[in-house]
Amino acid sequence: MSGVVRNKVQRKFKMRGYSLKVDALSEVLSFLSHFPSDALDDALELLLDELHHLSLKSAILDREPVHKVASLLLEAEAAVEENPSSSSSSASALRITDAFIVPKFRYDPVKKFFHEHTGRLSIHGDASAKATLYKDRFLLLFQRLSRDPRFSTLAFDAPTSEYGSCEISPIQSLVGRVGRRWIMGVISQLEDDHFYLEDLTAAVEVNLSSAKITTGFFAENTIVLAEGEMQLDGVFQVRTCGFPPLEDREKSMAFFSGLDFFGGGILTKEETLRLAELEKKAVNDMFVILSDIWLDNEETLGNLETILNGYENVEVVPSLFVLMGNFCSQPFNLSFKSISSLRVQFGKLGQMIASHQRLKEHSRFLFIPGPDDVGPSTVLPRCPLPKYLTEELQKYVPNAIFSSNPCRIKFYTQEIVLFRQDLLYRMRRSCLIPPSTEETSDPFEHLVATIIHQSHLCPLPLTGQPIIWNYDHSLHLYPTPHTIVLGDKSEQKAFRYTGVTCFNPGSFSNDGTFVAYRPCNQEVELSAL
C-alpha cells in the first residue's frame, strides 16, 4: 500500500494511544487491502473499535492482537457476503459447550485483570489446587465488589458517598481495633460448632446468633459480607450479614471485554449486533426441557411418547429437546447390575425418537447425566454418559448430543446454563441460619438468590459435594448468564431474579412436569401431562 495509507494508519493508532510494531503495521495494511479505497477509513475505525475491547497488556501492539481482531472481522464480512439476507438456522445458532472445555481465568488482584490458563488441566490436582479453588472464588467476588460505590475505598480526603462509608477491612486488621467494621470472608467451621470468616489474610470467629440476614441460604462455604464489631473475647459479633452485591452483566462485560468466560468463542461487535437481530426474529424457536427420565419405567416412557407425538404434529417443531437424568429409577452404585439393560433401554428411546420423522430431522436432542447416573463418580462436573450406554441410541438419532453436567448453551447471543442436581434439599440442610422471610419465604427463590450472588452453581462444602479442584471454574456464573436451568426433583418453579431467568422443570417421572422455553423473549411455560 502507498505511504499515504501507511502514515494514516500510524496517525490513527497514535490518536487512540497505540504504537505499532513493524509486524503489527503489516498486519493492519494486509487487513485494509481487502477493502476498496473509499471504505478504508470505516474499516480502520472498526478495527480500532474492536481492539479497544480487547484486554491488552501494553499500548505497544505486536502482530498477535491485530491479527486476532482482523481475522474475526474478515470472517464476519465473508459470512455476510455469503448470505446477506437469509437468517441463520437455529442449528447453526446453537452452540453447546462441555464443562471440561470452558476457559479458565484467574484474577490478579495486583494488576487487576484476568489471566487465562493456557496449559493442560489435570483431573487429579495437587494439594495447592484445593486452596486455589477457594482463593479464585473469593477474588472473583472481591473484584466485583471493589467496583460497587457502596464499598469502594475512599481516596485521600474525598467526601463520603451517598451510601456512607462501608469500606471492607481485611480480617487481619481487626486485631486491637474497636468500632463498627465491614468484612468479607468465607464461612467455615474450623472447630466443631465454632464458625469463622476467612479471607486471604486471616480468620476470625464470628457470632451469628443475633445477625440480621438478607435473602438466601447462608451455608458453610458461602462468601458473605458481615457488619459488626470485635468483642473483648476475640469474637466478631455480626449485626448484619449478606451476600456480596451483584453487578449488571453489561458492566462486567464492559470491564473485561475480549475475554471468553462463557465458552463458545468471542464475537465481534458487528457479529453480536447481527446475531441479536436474528435472535429477535427467532420467535418460533423453542426448547423443551425434561428432568428425571427413567427409562426403566414404562409409565415414564409412555408419557415421553405422548410429548413427542404432540410436538411432532405442531406447525413448527422445537429446536432442541433437553433430556436430563437420572435415566434410571435406581441409583448407580456398587449394587447396580442393570448396565446392559439400561443400554437396551437407551436403544428403545432412540427408536422412539426416530419414529417421529419431523423431530428427528429438525430437532436436536441433548442428554445431560443426573447425580445418580452411571459414571466414574459423583464429583462435579460430571462427564457425559458413557459411550457404551448411548451408542445404540446414536444409531437411530445421529445428531444426538451427550454433554457434561453442568453444560452451557449459546443461542445466538443468549447464554444458558443447564445444571442437573438435587440442590434445593441439600442447600436447606446445610443452612447455618434459618433463611430470612422478610422478602420471600419460597425456598426456590432463596436458592436462586444464593447461586447468583455467589456466582457459583454449587456453593456447598466440598465434604458434602465434591468438586474437581481444577475444574471448579466450570461452575462459575460470571458474568451472570441470561438463563439458568436448575434441574431438581423438587416442585416445578420459575423465578426471574435481577434480570436472570431461572427455572426448575420438575421431575418428569414423578409428576409429569416439564418446561417449554422460548429463548427469544425468555418466556418460560411451565407444563405438565
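Within the range 61-76, residues that are of a type in the set (Lys, Arg) reach partners that are at pLDDT 80 or above with beta carbons closer than 8 Å, at six or more positions or on different chains, in the pairs 63/21; 63/23; 63/24; 63/26; 63/27. Of all residues in the range 381-411, those being free of Cβ contacts under 8 Å to residues at least 40 places away in the same chain and assigned to a loop (DSSP other than H, G, I, E, B) number 3. How many residues does the range 28-40 contain that are open to solvent by less than 70 Å² (accessible area, probe 1.4 Å) and without any contact (Cβ under 8 Å) to a residue 24 or more places away in the chain? Residues in the range 28-40 being open to solvent by less than 70 Å² (accessible area, probe 1.4 Å) and without any contact (Cβ under 8 Å) to a residue 24 or more places away in the chain: 2 in total. What number of residues within the range 341-380 are open to solvent by 70 Å² or more (accessible area, probe 1.4 Å) and either outside any loop (DSSP other than H, G, I, E, B) or modelled with pLDDT of 95 or more (or both)? Residues in the range 341-380 being open to solvent by 70 Å² or more (accessible area, probe 1.4 Å) and either outside any loop (DSSP other than H, G, I, E, B) or modelled with pLDDT of 95 or more (or both): 8 in total. Scanning the range 49-67 for residues that are surrounded by 16 or more Cβ atoms within 10 Å (Cβ to Cβ) and either in a helix (DSSP H, G or I) or among the charged types (D, E, K, R) (or both) returns 50, 51, 63, 65, 66, 67. Going by what's in this entry, would residue 493 be described as charged (D, E, K, R) and modelled with pLDDT under 95? No, not satisfied. Residues that are over 23 Å from residue 262 (Cα atoms) and touching a strand residue (DSSP E or B) at 6+ places or on another chain (Cβ under 8 Å) do not occur anywhere in the range 471-478. Return a yes/no flag: does the range 368-381 have any residue that is of a type in the set (D, E, K, R) and within 30 Å of the chain's Cα centre (by Cα). Within the range 368-381, one or more residues are of a type in the set (D, E, K, R) and within 30 Å of the chain's Cα centre (by Cα).
Out of curiosity, is residue 99 in contact with a Ser or Thr (Cβ under 8 Å, 6 or more places away or on another chain), modelled with pLDDT under 80 and closer than 30 Å to residue 382 by Cα? Judged against the criteria, residue 99 is not a match.
For the range 434-466, a tally of residues being modelled with pLDDT under 95 and touching a strand residue (DSSP E or B) at 6+ places or on another chain (Cβ under 6 Å) returns 1.
Please specify each residue of the range 265-303 satisfying the condition of being in contact with a helix residue (DSSP H, G or I) (Cβ under 9 Å, 6 or more places away or on another chain), open to solvent by 40 Å² or more (accessible area, probe 1.4 Å) and either assigned to a loop (DSSP other than H, G, I, E, B) or not assigned by the TED database to the domain that holds residue 405 (or both). 266, 267, 284, 294, 296, 297, listed by residue number.
The values are calculated or read from the model by the stated rules, or taken from the named source; none is laboratory data. As the structure is a computational prediction, the values presented were derived from the model and not from experiment. Counting neighbours? That spans all protein chains shown, and the Cβs are built from the backbone with ideal geometry, glycine included. The protein model used for the area step is the full one, side chains on, heavy atoms only, and it has no ligands, DNA or RNA in it. Shrake-Rupley method; radii C 1.70, N 1.55, O 1.52, S 1.80 Å.
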